[in-house]
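See structure below.
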Amino acid sequence: MLFRRREPDGLLERVRTYLWPRRSFSRSVQYFSKRILRLKATPHSVAAGVAAGVFASFFPLGFHFIVAAVLCWIIGGNLVAAALGAVFFGNPLTFPLLWGASWETGKLLLHEHLPKHGPPEHLGEMMHKLSFAKLWHPVLEPMLIGAVPLGLVFGLVFYGITRWGMTVFREQRRKRMAERAEKKARQGGREVPAE
């Protein structure tokens, strides 16, 4: 292959690069924003897709893409934008924060049904055995219930930001294209050679 490294990165280097980019996080944010802004769909469709991906990131069971796809189908969102939103917002660095916030919000909403002393005593043991029946009431139920309001709030915020960004980006692009066409028309359709 033309652009393949002579010595491929080892497993530890690939994991490190996935968790901490080589350049910076701002470059990763710019990359994802450019990918989203350049999608060929309506601003509503792209913004709804990003919102669906952000909403799905709060759910703990790992079915983020399925939840995002179903939600995109319901609200008319772009599936590629949903995948980009889910990958950007829900990643190994943010999952502990998202799931912890979902769990705490669920505990607040279900305050009568949960013990007041925080997590169950044998949470580590339950997570190790992965007994779904034992995990449901003390852990998964509050996380699922808490994920809905948090996902709605953050999804609506990202919908507004994405829709505004798409509108501004497309308006600037339209102006640049109009300026180029006007410049070309003034030159009589001839390209001026570069010096």
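Can you tell me which residue is surrounded by the fewest Cβ atoms within 10 Å (Cβ to Cβ) among those in region 86-95 that are touching a helix residue (DSSP H, G or I) at 6+ places or on another chain (Cβ under 7 Å) and outside any helix (DSSP H, G or I)?
Per the stated criteria, the residue is P92.
Which residues, counting only those in region 12-62, are among the aromatic types (F, W, Y) and modelled with pLDDT of 80 or more?
F55, F58, F59
Let me confirm something: among R170, R190, which residue is modelled with pLDDT under 90 and assigned to a loop (DSSP other than H, G, I, E, B)?
R190
I'm checking my understanding of the structure. Among residues of region 92-122 that are of a type in the set (S, T, N, Q) and farther than 13 Å from F55 by Cα, which one is modelled with the highest pLDDT?
Per the stated criteria, the residue is T105.
Residues in region 96-104: is at least one over 17 Å from V153 (Cα atoms) and in a loop (DSSP other than H, G, I, E, B)?
Checked against the condition, which is being over 17 Å from V153 (Cα atoms) and in a loop (DSSP other than H, G, I, E, B), region 96-104 yields no hits at all.
Suppose we filter region 41-67 for residues that are more than 14 Å from G165 (Cα to Cα), open to solvent by 30 Å² or more (accessible area, probe 1.4 Å) and over 11 Å from the mean Cα position of the chain (by Cα); how many remain?
6
State whether the residues of region 124-139 include one that is part of a helix (DSSP H, G or I), of a type in the set (V, I, T), surrounded by 15 or more Cβ atoms within 10 Å (Cβ to Cβ) and modelled with pLDDT of 70 or more.
Within region 124-139, one or more residues are part of a helix (DSSP H, G or I), of a type in the set (V, I, T), surrounded by 15 or more Cβ atoms within 10 Å (Cβ to Cβ) and modelled with pLDDT of 70 or more.
Taking the criterion of being modelled with pLDDT of 85 or more, among the hydrophobic types (A, V, I, L, M, F, W, C) and within 17 Å of the chain's Cα centre (by Cα), would at least one residue in region 141-148 satisfy it?
There is at least one residue in region 141-148 that is modelled with pLDDT of 85 or more, among the hydrophobic types (A, V, I, L, M, F, W, C) and within 17 Å of the chain's Cα centre (by Cα).
The values are calculated or read from the model by the stated rules, or taken from the named source; none is laboratory data. Model, not experiment: these values are computed from the prediction. As a convention, Cβ positions derive from the backbone with ideal geometry for all residues, glycine included, and neighbour counts pool all protein chains shown. Calculation scope for accessible area: heavy atoms of the full protein, side chains included, ligands and nucleic acids excluded. Shrake-Rupley method; radii C 1.70, N 1.55, O 1.52, S 1.80 Å.
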